[in-house]
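In what follows, a single structure is set out as structure tokens and then discussed.
The values are calculated or read from the model by the stated rules, or taken from the named source; none is laboratory data. As the structure is a prediction and not an experimental result, all values here were calculated from the model. Using ideal geometry, Cβ is built from the backbone for each residue, glycine included, and neighbour counts are taken over all protein chains shown.
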Amino acid sequence: MPKIIENIEQKIFNAVVLLIRKHGYSAISMRMIASETGIAVGTLYNYYSDKEELTTTVVYLSWKESLKNLQRIIDQEGAPREKLHLFLEQLYEEISQRRGIGSELMKHDLYKDEKFLEIQVTYTNIFRSLLKELEKAEGKLFEEAHAIRIQKHFMLITINLVNEFIEEDGENVRYLKEIADKLI
């Protein structure tokens, strides 16, 4: 009877994040990931054909979960401005969990995968729905091009804060909220 491994995707994600942070994407191997997770190499190959597929799939699934968390904030009751603050806190937390992984994947052109285009579109739609709530509640109007720039701005500034001001999470989130309140 085959061994059932609980939370296999989470275990693999944690191993991939740890190993990429420690060694960089180029230096890790399926064998290293298997060793870190306690999963046989053959079992990994049952799920993924190679390191690239494993890495992109694990990060993609992780972002799908992150987008669900962000969408839950939009779907809850509350003032749009408060939702914006909660959204930025959650976005910061989600990106913090992947600290350094995105830049490694970009170095190796792994973000060109179609899966990540889907993630970008979904994130844009979620953020845009939040801006529409703010428009309605506060009587503002954002041109579509401006809204896209705002959405991209917050993604990039969050990534930068996570990577540049390590160990300053509280201050980074406070800064994001202040910028949002001035910009939006």
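Per the conditions (1) in contact (Cβ under 8 Å) with a residue 40 or more places away in the chain; (2) hydrophobic (A, V, I, L, M, F, W, C); (3) exposed (fewer than 13 other Cβ atoms within 10 Å of the Cβ), the sole criterion not satisfied by A180 is (3).
Residues of the range 139-161 that are over 18 Å from Y123 (Cα atoms) and in contact (Cβ under 8 Å) with a residue 60 or more places away in the chain: L161 alone.
Can you name every residue in the range 96-105 that is closer than 21 Å to K11 by Cβ and either in a helix (DSSP H, G or I) or modelled with pLDDT of 75 or more (or both)? Full working, then the answer.
Residues of the range 96-105 closer than 21 Å to K11 by Cβ: 96-102, 104-105.
Passing the criteria: S96, Q97, R98, R99, I101, G102, E104, L105.
Counting only residues that are over 14 Å from the mean Cα position of the chain (by Cα) and touching a residue at least 24 places away in the same chain (Cβ under 8 Å), the range 162-175 holds 4 of them.
Note on the range 12-22: among residues that are surrounded by 13 or more Cβ atoms within 10 Å (Cβ to Cβ) and not β-branched (V, I, T), the one that is nearest to K107 (Cα to Cα) is R21. When the range 13-33 is filtered for residues that are among the hydrophobic types (A, V, I, L, M, F, W, C) and assigned to a helix (DSSP H, G or I), the ones remaining, listed by number, are F13, A15, V16, V17, L18, L19, I20, M30, M32, I33.
With the structure loaded, tell me whether Y92 is under 11 Å from the mean Cα position of the chain (by Cα) and over 19 Å from N172 (Cα atoms) or whether it fails that test.
no
Take the residues in the range 144-177 that are among the charged types (D, E, K, R) and more than 14 Å from S96 (Cα to Cα), then tell me which one is surrounded by the fewest Cβ atoms within 10 Å (Cβ to Cβ). Before the answer, list the steps.
If we filter the range 144-177 for residues that are among the charged types (D, E, K, R), which is where we start, we get 144, 149, 152, 164, 167-169, 171, 174, 177.
Narrowing the set further to residues that are more than 14 Å from S96 (Cα to Cα) leaves 144, 149, 152, 174, 177.
Values: E144: 9, R149: 13, K152: 14, R174: 14, K177: 17.
The selected residue is E144.
Evaluated against (1) at pLDDT 90 or above; (2) in contact with a helix residue (DSSP H, G or I) (Cβ under 6 Å, 6 or more places away or on another chain), S49 falls short on exactly one condition, (2). You will find that of E52, E36, E82, E77, the residue that is assigned to a loop (DSSP other than H, G, I, E, B), over 17 Å from M155 (Cα atoms) and of a type outside the set (K, R) is E77 and no other. Please count how many residues of the range 121-160 are outside any helix (DSSP H, G or I) and within 18 Å of R81 (Cα to Cα). Going through the range 121-160 one residue at a time, the tally reaches 4. In the range 48-65, the condition of being without any contact (Cβ under 8 Å) to a residue 60 or more places away in the chain, over 23 Å from the mean Cα position of the chain (by Cα) and under 25 Å from E171 (Cα atoms) is met by no residue. Could you give me the residue pairs with C-beta distances under 7 Å whose first residue belongs to the range 12-25 and is over 16 Å from E53 (Cα atoms), whose second residue is of a type in the set (G, A, S) and surrounded by fewer than 19 Cβ atoms within 10 Å (Cβ to Cβ) wherever it lies, and which are 6+ apart or on separate chains? Hits for this filter: R21/G100.
Look at the range 124-137: where a residue is surrounded by fewer than 15 Cβ atoms within 10 Å (Cβ to Cβ) and a partner is among the hydrophobic types (A, V, I, L, M, F, W, C), sitting 6+ places away or on another chain with Cβ atoms under 6 Å, you get S129/I74.
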